[in-house]
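Report on one structure; see the data block that follows.
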């Protein structure tokens, strides 16, 4: 598809999957980790209005399943539609966080697809670093 963007990025941490999902489950904190998201506010019916760092606003739903260890942002309208899913898996000495993007850019952004894909990948790597830093700092505080 012309505007389809699909990729995944993973990172490992010494934090437990429970600590990671606890960090991610608070929708109000999403802009702290995802700097492409300037503001998020809850609207009706479990929907959220998002103002992005680049020109644009969108509507999304957000769901975290603490039992299955994943969070999903479903983008219903805006500069892109589709989803970003964060999956957390526990291993012996920590956790792996994997972010999967599967979105479709709106027509006005299709010409920038390659640039935007690189930008989203770098932003995802940076967000994972911030999420890990926050989760690992909670380990140190609780010790």
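Overview of values
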{"quantity": "Segment 95-119, residues that are crowded, with 19+ Cβ neighbours inside 10 Å and either modelled with pLDDT under 95 or under 19 Å from residue 71 (Cα atoms) (or both)", "calculated": "95, 97, 99, 101, 103, 116"}
{"quantity": "Within segment 26-35, considering residues that are modelled with pLDDT of 95 or more and in a loop (DSSP other than H, G, I, E, B), the one surrounded by the fewest Cβ atoms within 10 Å (Cβ to Cβ)", "calculated": "35"}
{"quantity": "Flag for residue 54 being surrounded by fewer than 13 Cβ atoms within 10 Å (Cβ to Cβ), within 16 Å of residue 11 (Cβ to Cβ) and over 13 Å from the mean Cα position of the chain (by Cα)", "calculated": "no"}
{"quantity": "Any hit, segment 50-62, residues being assigned to a loop (DSSP other than H, G, I, E, B), touching a strand residue (DSSP E or B) at 6+ places or on another chain (Cβ under 6 Å), under 20 Å from residue 130 (Cα atoms) and modelled with pLDDT under 95", "calculated": "yes"}
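The values are calculated or read from the model by the stated rules, or taken from the named source; none is laboratory data. For clarity, every value in this text was computed on a predicted model and none was experimentally measured. Methodologically, a virtual Cβ is constructed for each residue, glycine included, from the backbone with ideal geometry; neighbour enumeration extends over all protein chains shown.
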